[in-house]
Protein chains: 2
Amino acid sequence: MPELRYNVITRDWVIIATERAKRPDQFKRTVPRKAMPVHDPKCPFCPGNEKMTPSATYMVPMDGAWRVRVTPNKFAAVSREGERKRTVQGIKRTITGVGIHEVIVETPEHNRTTALLSDSDAETLIETYLNRFKAASDDPRVEQVTIFKNHGEAAGTSLEHPHSQLIATPVITTQLRDRLFSALDHFDEYGECIFCRVLDQELKEQIRIILETEHFVSYIPFADLTPFSLLIMPRRHMACFNEMNDAEAADLARILRRILLKLYRGLGDPDYNYVVRTAPTENMGVKYYHWYVSVIPRLTRMAGFEMGSGMFINVSLPEENASFLREMSVE
Amino acid sequence: MPELRYNVITRDWVIIATERAKRPDQFKRTVPRKAMPVHDPKCPFCPGNEKMTPSATYMVPMDGAWRVRVTPNKFAAVSREGERKRTVQGIKRTITGVGIHEVIVETPEHNRTTALLSDSDAETLIETYLNRFKAASDDPRVEQVTIFKNHGEAAGTSLEHPHSQLIATPVITTQLRDRLFSALDHFDEYGECIFCRVLDQELKEQIRIILETEHFVSYIPFADLTPFSLLIMPRRHMACFNEMNDAEAADLARILRRILLKLYRGLGDPDYNYVVRTAPTENMGVKYYHWYVSVIPRLTRMAGFEMGSGMFINVSLPEENASFLREMSVE
């Protein structure tokens, strides 16, 4: 019989299709990606084409060129200039679309997919995330900062050159506010961070753990909404992404790269998104919230039931998928 | 400058990309669908192949055959048999996956897409929805019933023969519970149904209205999350789908068919989902909730930002899209 599972952090129910679950290797990509050159003269993110994008807001230099380059998104979802203004008219509420939308070009090499970065390149990337997160959070118009990556068409990108994005918005979303509230509720009732509690439980059970490093743990949640969606969570309690210290940032680079490499090898370089889920900086230091990175391979399609009910059907077993990735070598 | 808009019903913020918005006709399908036969001997939903699916739970007969046929889903997400049992173990909560998962075959004709049903066929379909909604709601193990349709691959279906589905689950989702609560909140504060209020406002402004019939209004919400997502809302206040009377059911059939035909003609038969969003039957008659049908053309991909923040970026203008569909003839 299928089993319904509840995610105590996101408050989502999911149907785990225990009987007709696919085996982990059935999710492997069957059509190989086309080979890409190390440099594409038409790519706006390749070195030499810097004029195709706005001037850099941040850059990590390397040998007279750059290693990581951040620019305002040419097709920004929000406007860098302008004032935050609210209007309320009857049942209509608007805010001017001000904020920050940046592209983080992760490497000069067109074909160096994120999973194949060196540890040192990955460290530079995480340092860049931290720098841009802090800079965006300092903008007084900004309430929420989202750092994310779209890899592959199913994940919503058409540009192949490895890049991440940052969007800072002048409002907190209901999704984040609801999660902050429900974590606060748990703290008030039990006197503990619910994320720390879940992490403890996962470490005790071990069956959904993928990888542990000194400062981070990666696991597949008990109530995983879609196949192979996984978390990378800091062991130390921290509400906000920018509370990380240097050792933790370097360790995050290592575990992120290894997790992406496990997906790359185990599932044949799947399309995926990842996103840093964090409290806003105004909640830095709070005891009830805990930031983490969410990695979501895009292996299935959201259909009418999921959209209509908010409940997902997962046609795989979190425990089997975790075991599959745990055993996938990354050396 | 882009504009952020807030949906007072769903509490979602959306970024309306006013400056780089696409024109309505730029969303039109460019690759035509392949032609389909009126009967496919291999299709499990075609007449003559009834043995390929479980026995019908409901059928509308026609000329010694059937017009609409409902069967348990052969690959059900929930099990028809079994008891609803909860377990709570530490932070883990589960429920046995019992419930109802039915397939509603809408027509015997393999290539008769829903948009091209006759009014009378569409009426039969709505009557069938009502019958199955009531039957599923009567099951004491069931808390929430979702009726939905997936049309086309981007909407999550691989079976071409026109069909809808019903999934009844042993629990209410957080999405629905949150919407019930927030509508109740509004009722307590303002003494009105928030849906009725929004509908009034839309009827006054007219600019986002697509089509009005005697008992229903179809419009694109002010804060539309994705291009051309639209609602079909009953004028009369009703919390629950099965509070509809016969005249309203017949009118829903007419407006649904016309709306689908407008999409079919205007956007070249796009992939889409639709879903009946309703209070559960235990909330029948409440003053604060209002059922409706949500139609969601699948024209864009959800990417990392949407998943990570819960905020959408709509690269089209609700007002322009509504005007485009309003003017699309369906005679």
Notebook entry, point to check: Among the listed residues B:Ile313, B:Ile296, which satisfies the condition of being closer than 20 Å to B:Val330 by Cβ, touching a residue at least 40 places away in the same chain (Cβ under 8 Å) and within 14 Å of another protein chain (Cβ to nearest Cβ)?
Noted result: B:Ile296
Notebook entry, point to check: Looking at segment A:50-58, is at least one residue at pLDDT 95 or above, surrounded by fewer than 18 Cβ atoms within 10 Å (Cβ to Cβ), more than 25 Å from the chain's Cα centre (by Cα) and within 14 Å of chain B (Cβ to nearest Cβ)?
Noted result: no
Check: If you go through segment A:98-121, how many residues are under 9 Å from A:Arg257 (Cβ atoms) and either touching a Leu at 6+ places or on another chain (Cβ under 6 Å) or surrounded by 24 or more Cβ atoms within 10 Å (Cβ to Cβ) (or both)?
Finding: 2
Check: How many of the residues in segment B:159-195 are more than 10 Å from chain A (Cβ to nearest Cβ), among the acidic types (Asp, Glu) and either in contact with a Pro (Cβ under 7 Å, 6 or more places away or on another chain) or not in a loop (DSSP other than H, G, I, E, B) (or both)?
Finding: 3
Notebook entry, point to check: So which residues in segment B:250-301 are surrounded by 21 or more Cβ atoms within 10 Å (Cβ to Cβ), closer than 21 Å to A:Met302 by Cα and of a type in the set (Lys, Arg), if there are any at all?
Noted result: B:Arg277, B:Arg298
Margin query: Pairs please, first residue from segment B:50-61 and in contact (Cβ under 8 Å) with a residue 60 or more places away in the chain and farther than 14 Å from B:Gln165 by Cα, second anywhere and among the polar types (S, T, N, Q) and not in a strand (DSSP E or B), Cβ atoms under 8 Å, 6+ apart in sequence or on different chains.
Written below: B:Val60/B:Thr124; B:Val60/B:Thr128
Margin query: Tell me the residue from A:Glu320, A:Glu331 that is of a type in the set (D, E, K, R), free of Cβ contacts under 8 Å to residues at least 40 places away in the same chain and more than 30 Å from A:Ala136 (Cα to Cα), please.
Written below: A:Glu331
Next item on the list: Can you confirm whether segment B:60-78 contains a residue that is assigned to a loop (DSSP other than H, G, I, E, B), of a type in the set (A, V, I, L, M, F, W, C) and farther than 30 Å from B:His110 by Cβ?
Entry: no
Margin query: Tally up the residues in segment B:200-224 that are within 10 Å of chain A (Cβ to nearest Cβ) and surrounded by 19 or more Cβ atoms within 10 Å (Cβ to Cβ), please.
Written below: 3
Margin query: Residue under question is A:Glu331, and the condition is that it be assigned to a helix (DSSP H, G or I) and either under 15 Å from the mean Cα position of the chain (by Cα) or surrounded by fewer than 22 Cβ atoms within 10 Å (Cβ to Cβ) (or both); does it hold?
Written below: no
Next item on the list: Scan segment B:278-328 for residues that are closer than 30 Å to A:Glu102 by Cα and part of a helix (DSSP H, G or I) and jot them down.
Entry: B:Gly304, B:Phe305, B:Glu306, B:Met307, B:Gly308, B:Ser309, B:Pro318, B:Glu319, B:Glu320, B:Asn321
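The values are calculated or read from the model by the stated rules, or taken from the named source; none is laboratory data. Computed from a prediction, not measured in an experiment: that's the story for all the values here. Counting neighbours? That spans all protein chains shown, and the Cβs are built from the backbone with ideal geometry, glycine included.
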